[in-house]
Number of protein chains: 2
Amino acid sequence: MVKLQGFQKLTSVDEALKAWLTAWSTREPQQVLLPLTADVSGRVLAEDIIAQADLPCFDRSAMDGYAVRYNDSICASPSNVVKLTVVETDEIDAGQAKQVWTGNPIPNGADAVVMIENTEREGNTVTIRNALTPYLNVIRHGEDVKKGQLVAKKGTRLNPYNTGLAAALGYSALKVYQKPLIALLATGNEIVAIGAQADRHQIFDSNKLMLTAMCQELGAEVVDFGIVKDNTDDIAEKIRQALKTADALITTGGTSVGGLDLVPDAVNKAGKPGVIAHGIALRPAMPTGVAVLNDKPVMILSGNPVASIIGFEVFGRPAICKLLGLNEPERRPILKATLTRKISGVLGRKTYVRVLVKFGMNELTVEPVSAKGPGSISTMTQSNGYIIIPENCEGLREGKTVLVQMFNNIEA
Amino acid sequence: MVKLQGFQKLTSVDEALKAWLTAWSTREPQQVLLPLTADVSGRVLAEDIIAQADLPCFDRSAMDGYAVRYNDSICASPSNVVKLTVVETDEIDAGQAKQVWTGNPIPNGADAVVMIENTEREGNTVTIRNALTPYLNVIRHGEDVKKGQLVAKKGTRLNPYNTGLAAALGYSALKVYQKPLIALLATGNEIVAIGAQADRHQIFDSNKLMLTAMCQELGAEVVDFGIVKDNTDDIAEKIRQALKTADALITTGGTSVGGLDLVPDAVNKAGKPGVIAHGIALRPAMPTGVAVLNDKPVMILSGNPVASIIGFEVFGRPAICKLLGLNEPERRPILKATLTRKISGVLGRKTYVRVLVKFGMNELTVEPVSAKGPGSISTMTQSNGYIIIPENCEGLREGKTVLVQMFNNIEA
């Protein structure tokens, strides 16, 4: 599907991405107020989470023991024990102590806790044998979070921990952004729906399935606009329909069919401003295109499975992150590993090499996955990360330490 | 909540984990056949995915051009051009060529494709000027996957890529394991539901929210058994109820309340064999317990937020991975980074240090997040990974390269 002669000029990844991401609206996504349950974890915050009070909001005991005035203890020693009267009140005076369990509030007037194992109790008298220091074994109010502190920023993704912290701070609902709706459209006379009867020269619609799963992983919703034949007018009509409801459109296939750029042409027929770049200095995924219609982003991905996946990684991820309302595009987890085989780049093109990272003897090792064509989905299932070779680099030598973007776990 | 005197003996993490994970059933989870949509991504395979045919199942053109017999081209050169007759049939003879577009099947009899830009066409005659090699520009059948090849193993998690590959191979449904149902129970007189009216000495039920989100992230389903007061009989009754329907139970709180081990006692009251280990050589999360009731796993987690999170990481993750039907427990993404400050361990205890990994000048750097108590949820929201210090290690020096288990992204 890579067809260099089809493109007079390739646009660099950075140039295309920058031009495209700034060519459609930066208006804030719709907000929605959701009750604070575990289901908000993964959503994007549409408000700052700010502590309305100290957390904890009272001094608590860190131990089972007795809350006392530390001043009462300063002369205590094994040879000069101090005896205090145990009270049940919410406030203690000099010479008094109150029994507390871990987590209990410290009574007013108390400023230290003596551990139960360092005391002796007889009736309502407790004996201590050691001097304490101020606030010993006391968790101070505000130790976790101080009133007014920003604990999670608008435009960041909620996770189990900041969701839990919001709950601890007394939030019972959170403002998050509405999930963006991404329309997906497959094109190609040879494509048949998954589960349909197919003859041996037809191809199952696996790209749309993969793109749907990738959109959903990022937290977007997907609406499926099906499969359309290789006809510019039909494709343009589907594109217009899709963008009536969806916030963005991703197409797969038809980027260079029989010498024709069906989908880019259809996008240009469907509205303005149309295609911003088509033919990217990217390997694989050169026939990728990016467009804007009615202030909405359109991604024109190759029909080649791996090229569509890489096109989505490079353009789809940052675009969806923007639609989600995230302040920054989310990156894949990265790690450093040592190359066990040299790999080649292509001067002038940013190259995504699928690699397998393994645990070596003393280090993480990384090897390229056999360089089959861009149509080989199995190269994705046999790898767990990418190495990105920049445009000005001919390749990376064996033994070099490289950064890997991980999309799957390392096997034990 | 850490109360060393409460435990006569601490059990090592490895010992407790091994004893516990083998003390309940290894029977396979229930299977369910799901239609092959993007929603199966993330589920665990209950069958091997095996290619029933080559992928692709026919030889395809990798280029726009003409399918020919390479033998016809071997004498071709710019000074000795070869002319072939263009036909439309599904089979070509010597001296014939068929026009093909990228992805088209190669006609029978053809074994190479000449790129269109290296040809000249006049009427039904095409001229070629260069010798080809066998299968030049042809994607061979089985290049991606060979018939009979295992492409995804039973007991592994589906992702966008292996789901797509299954679709490409003609699968229209996949057998996956039923999601395990995890019952969650919070205990504590001081705990109130999120959103409820609370006085200033009460604590919102944030632990159960975090544990729910962590279970759901792993792909389990959660059933909420609410909050129960500090009463052994009431807790035991709730535990019995929960395990009537759920596959596992996680409790938070009541691991050492007022000198009593309410939840461990309640678990032992609720059935057999009961608690396997309580008091783990783990920091934080020493008061963690693991138990088995009716052949189902029970995790007894601390009421301290961070201790409950670490207890879940250490015991909950591998247990839920087993319940999901995964062959191996899934690990967090790991990376290597350079310590910018020394950190201390505690001899005899496996220590989980919350850390923040950042991009340094030429490397990834990692620093411990301020060592507040185990109650500080904010230490989780300010960190993005853990370092695990083994039991026999007093600490790690500044400048050392360490492995970090990442639970959140590195900020740009």
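The values are calculated or read from the model by the stated rules, or taken from the named source; none is laboratory data. What you see is a predicted model; the values in this text were computed from it and never measured. As a convention, Cβ positions derive from the backbone with ideal geometry for all residues, glycine included, and neighbour counts pool all protein chains shown. Quick note on the areas: whole protein, heavy atoms, side chains included, nothing else; ligands and nucleic acids left out. Shrake-Rupley method; radii C 1.70, N 1.55, O 1.52, S 1.80 Å.
Structure values in brief
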| quantity | calculated |
| --- | --- |
| All positions within the range A:36-60 that are in contact (Cβ under 8 Å) with a residue 60 or more places away in the chain, surrounded by 14 or more Cβ atoms within 10 Å (Cβ to Cβ), part of a loop (DSSP other than H, G, I, E, B) and out of contact with any Pro (no Cβ under 6 Å at 6 or more places or on another chain) | A:36, A:42, A:43, A:46, A:47, A:51, A:53, A:54, A:56, A:57, A:59 |
| The range B:168-188, residues that are within 10 Å of chain A (Cβ to nearest Cβ) and either closer than 30 Å to residue A:197 by Cα or open to solvent by 40 Å² or more (accessible area, probe 1.4 Å) (or both) | B:168, B:169, B:170, B:171, B:172, B:173 |
| Whichever residue in the range B:151-165 is touching a residue at least 40 places away in the same chain (Cβ under 8 Å) and at the interface with chain A (Cβ under 8 Å from one of its Cβ atoms) and, among such residues, is nearest to residue B:304 (Cα to Cα) | B:159 |
| Unmet requirement for residue A:115, which otherwise passes all of (1) in contact with a Leu (Cβ under 8 Å, 6 or more places away or on another chain); (2) surrounded by fewer than 23 Cβ atoms within 10 Å (Cβ to Cβ) | (1) |
| Within the range B:126-150, considering residues that are facing another protein chain (nearest Cβ under 9 Å) and modelled with pLDDT of 95 or more, the one farthest from residue A:205 (Cα to Cα) | B:149 |
| Residue among A:133, A:102 that is crowded, with 22+ Cβ neighbours inside 10 Å, part of a loop (DSSP other than H, G, I, E, B) and among the polar types (S, T, N, Q) | A:102 |
| Among (1) under 25 Å from the mean Cα position of the chain (by Cα); (2) open to solvent by 10 Å² or more (accessible area, probe 1.4 Å), the one test that residue B:285 misses | (2) |
| Residue within the range A:261-277 that is in contact with a Lys or Arg (Cβ under 8 Å, 6 or more places away or on another chain), open to solvent by 10 Å² or more (accessible area, probe 1.4 Å), under 21 Å from residue A:238 (Cα atoms) and of a type outside the set (Ser, Thr, Tyr) present | yes |
| Entirely in the range A:359-412, the strands (runs of 3 or more DSSP E) that have 2 or more residues that are open to solvent by 40 Å² or more (accessible area, probe 1.4 Å) and not hydrophobic (A, V, I, L, M, F, W, C) | A:401-406 |
| Condition met for residue B:163 (of a type in the set (Ser, Thr, Tyr) and loosely packed, with under 15 Cβ neighbours inside 10 Å) | no |
| Residue tally, condition closer than 21 Å to residue B:57 by Cβ and either within 14 Å of chain A (Cβ to nearest Cβ) or open to solvent by 40 Å² or more (accessible area, probe 1.4 Å) (or both), over the range B:83-99 | 4 |
| Members of the range B:315-337 that are more than 13 Å from the chain's Cα centre (by Cα), within 14 Å of another protein chain (Cβ to nearest Cβ) and at pLDDT 95 or above | B:316 |
| Criterion violated by residue A:343 - all others in (1) open to solvent by 50 Å² or more (accessible area, probe 1.4 Å); (2) more than 14 Å from chain B (Cβ to nearest Cβ); (3) more than 21 Å from residue A:277 (Cα to Cα) satisfied | (1) |
| Filter result for the condition that a residue is without any contact (Cβ under 8 Å) to a residue 12 or more places away in the chain and surrounded by fewer than 21 Cβ atoms within 10 Å (Cβ to Cβ), over B:80, B:108, B:71 | B:80 |
| Failed item in (1) in a loop (DSSP other than H, G, I, E, B); (2) touching a Phe, Trp or Tyr at 6+ places or on another chain (Cβ under 9 Å), with residue B:143 passing the rest | (2) |
| Residue match in the range A:82-90 (condition: in contact with a Lys or Arg (Cβ under 8 Å, 6 or more places away or on another chain), closer than 30 Å to residue B:219 by Cβ and at pLDDT 95 or above) | no |
| Test: residue in the range A:350-357 that is farther than 29 Å from residue B:152 by Cα and open to solvent by 60 Å² or more (accessible area, probe 1.4 Å) | no |
| Test: residue in the range B:13-35 that is within 14 Å of chain A (Cβ to nearest Cβ), of a type in the set (S, T, N, Q), in contact (Cβ under 8 Å) with a residue 24 or more places away in the chain and outside any helix (DSSP H, G or I) | no |
| Per-region count, the range A:236-256, residues surrounded by 24 or more Cβ atoms within 10 Å (Cβ to Cβ) and either in a helix (DSSP H, G or I) or among the aromatic types (Phe, Trp, Tyr) (or both) | 2 |
| Residue tally, condition part of a loop (DSSP other than H, G, I, E, B) and either over 22 Å from the mean Cα position of the chain (by Cα) or at the interface with another protein chain (Cβ under 7 Å from one of its Cβ atoms) (or both), over the range B:198-224 | 6 |
